[in-house]
Amino acid sequence: MLLHLTLTGGIHTTLALLCIVVGAVQLLRPKRGAGHRARGYAYVYAILIADGAAMLLYRFTGAFNIFHVGALVNFVSVLIAIVPMLRTPRPAGWKHWHYYFIAWSYVGLIAAASTEIIVRFGQPATRGTAWSLTAVVTALVTAIGYALIQRYRPPPDSRVTVAAIQHDGALS
């Protein structure tokens, strides 16, 4: 199967697989330090290129489709997650934005990979069946992702509560 990929498809697939591995390591390891930062940048660069490559792939339908929309949404999610990290000083609540948008980027990646595996290896009889499987798998992965994102979200940023209190002790 991998031998039938175009160069663009090979780049997309290789980088997406790299992101699956790096993203899993990021989820399992502590969320601070140089290692987290290095793996994070590797994920970001690889996923942005994989999303860009996805925009050039049209073998499934021959036209722009829901998978391209997914790649665009993922691209924007990663940008929203990274921009607060690059600002100095970092805005209040930056960990919240970073966590949610990177986590949803990873959920989207897993949903796309799951769909790809089901459709490629399951070989549905019709295109309608393939789209139905895509919808079911995406909904299932999204529901699981939502539950995990809510369960493991970081604690609120303490700077927000301190900054919101005026000198007299009243909330601003």
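Every number in this text was worked out from the coordinates using simple rules, so none of it is lab data. What you see is a predicted model; the values in this text were computed from it and never measured. Positions of Cβ are backbone-derived with ideal geometry, glycine not excepted, and every protein chain shown enters the neighbour counts.
Key figures
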quantity	calculated
Length released on extending from Met55 to His36, taking residue separation times 0.36 nm less the Cα-Cα span	4.0 nm
Positive minus negative residues near Gly70 (Lys, Arg vs Asp, Glu; Cβ under 14 Å)	-2
Ranked packing of 20-29, 143-152, most packed first, by mean Cβ within 10 Å	20-29, 143-152
Relative packing of 30-41, 72-83, 89-100, which averages over residues the other C-beta atoms within 10 Å, highest first	72-83, 89-100, 30-41
Point-to-point label distance, Leu140-Leu5, nm (Cα→Cβ direction, 7 Å offset)	2.4
Gained length - Ile66 relative to Ser114, 0.36 nm times residue gap less alpha-carbon distance	15.8 nm
Cβ-based net charge around Leu57, under 14 Å, with every Lys or Arg adding one and every Asp or Glu removing one	0
FRET efficiency estimate (nearest 0.05) - Cβ-Cβ, Leu27 to Leu79, R0 25 angstrom	0.80
Space enclosed by the convex hull of the alpha-carbon atoms of region 74-148, per residue, Å³	78
Average Cα contact separation per residue, the chain, under 8 Å, 6 or more apart, as relative contact order %	18
Neighbour net charge for Val83 - beta-carbon separation under 14 angstrom, K R +1, D E -1	+3
Angstrom value of the Kirkwood radius, inverse mean 1/r, which spans all Cα pairs in the chain	17.8
